[in-house]
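The values are calculated or read from the model by the stated rules, or taken from the named source; none is laboratory data. Keep in mind that what you see is a predicted model, and the values were worked out from it rather than measured. No Cβ is skipped: glycine too gets one built from the backbone with ideal geometry, and neighbour counts run over all protein chains shown.
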Amino acid sequence: MISGTSNKRWLNPLLAALLVAGVQTAALGYMIESRASILRSGRDVLLKTVPVDPRDLLRGDYVILSYDISRLQPDLLKGALPTQSGEAVLYVRLERQPDGFWTATEASFQPLPPVGDSVVLRSLPFSYYPSSPPSAVNVDYGIERFYVPEGEGRTLEEARNAEALSVNIRVDGKGSAQIREIAVNGSPVYEEPLY
């Protein structure tokens, strides 16, 4: 009898540990598969980068990226604008230009419907403060950092600041983006693996 009770006490922590490990593994698998799903089946979009303030050139092992679609002018904003300050999300329509790069042609605080060959990119949530007249809006898309092997960031920073760096992203049907490839003067230097 005593050994049976002892086994039950030992079994409960073991089951709890197995349950926690299973949940953590499932959560990690979900995060990896979400990213891989965008890279596997999203639409390709080529973006130009713009120089970044030199105080933020390299922090640790990643390069800071900024795009011409990161600062949206007020004339791009369509539809109703929020009247109160608070957290907001912008939907940005991108269209391919003759040079192969994509640029923002429209932005809205409401979801944009698919139109022709355009792609709709969804910003990360940001703090919006209404102004009159409306001012330019700075947004992030979750593609503003690219991690590189230690010591290899300087080349990308120099190319970025010389406006020779381009980023090919993949965008899924919900507007989420992942970096697929980094190129310098059109030649790929880094390609993101699926896993």
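Below are the figures for this structure:
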| read-out | value |
| --- | --- |
| Count of residues meeting criterion [without any contact (Cβ under 8 Å) to a residue 12 or more places away in the chain and farther than 18 Å from residue 99 by Cβ] in region 174-195 | 2 |
| Residues satisfying the stated conditions in region 60-103, i.e. surrounded by fewer than 17 Cβ atoms within 10 Å (Cβ to Cβ), of a type in the set (Lys, Arg) and within 27 Å of residue 160 (Cα to Cα) | 71, 96 |
| Residue that is of a type in the set (Gly, Ala, Ser), in contact with a strand residue (DSSP E or B) (Cβ under 6 Å, 6 or more places away or on another chain), at negative phi and modelled with pLDDT of 80 or more, where the choices are 79, 42, 22 | 42 |
| Filter result (charged (D, E, K, R), under 27 Å from residue 176 (Cβ atoms) and in contact (Cβ under 8 Å) with a residue 40 or more places away in the chain) within region 129-163 | 140, 144, 145, 157, 160, 163 |
| Residue list for region 150-188, filter: in a helix (DSSP H, G or I) and in contact with a strand residue (DSSP E or B) (Cβ under 8 Å, 6 or more places away or on another chain) | 153, 154, 155, 156, 157, 159, 160 |
| Scope region 158-177; condition over 20 Å from residue 112 (Cα atoms), under 19 Å from the mean Cα position of the chain (by Cα) and not aliphatic (A, V, I, L, M); matching residues | 160, 166, 168 |
